[in-house]
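Only one structure is covered here, and it is reproduced in the block below.
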């Protein structure tokens, strides 16, 4: 799946078949307790997310117009604490993801999973936008037009 990454070398490219094997993807001795300031709720899958992000950057070059929007991944389980419930949305229970996509092809260029205000480094919408642009290597790109439509209660600057 991701043979060039550390995760790909440890799993030897085998597909993950069951939920129980996700616990073997990371070194649990490096885990920090939930009460610690540097706790990461995505610790178990952070390497997979990082490897996937690298592959996104390698596989596609953005067009002239890019857009940032929030999306939801439908999830109703109890395993994660950052599932959001919004009764007026089509996906009522889900995991919130901020996505940067090419406006022409709708190809995903980078993403940030929202895990709650207590665990994020980005305290404002501007910081989320900056992180998405940095993750997609567009910070030095010239001639790009960025469209944003994020309705939020977070501070904008």
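General remarks:
- Its residue count N fixes a reference of 2.2 N^0.38 Å for region 41-102, and the Cα radius of gyration divided by that reference is 1.35.
- Modelled FRET efficiency - R0 25 Å, residue 142 with residue 70, Cβ distances, 0.05 increments: 0.40
- Relative packing of peptides 43-54, 83-94 - highest average C-beta neighbours within 10 Å first: 43-54, 83-94
- Ranked 103, 110, 81, 29, criterion: other C-beta atoms within 10 Å, fewest first: 29, 81, 103, 110
- Here the spin labels are modelled as points 7 Å beyond Cα on the Cα-Cβ line, and at residue 82 and residue 97 they lie 1.3 nm apart.
- Which of 78, 65 has the fewest Cβ neighbours within 10 Å, and the rest in rising order: 78, 65
Every number in this text was worked out from the coordinates using simple rules, so none of it is lab data. Bear in mind the structure is a predicted one, so any value in this text is a computation, not a measurement. Don't worry about glycine lacking a Cβ; one is built from the backbone with ideal geometry, like all the others, and counts go over all protein chains shown.
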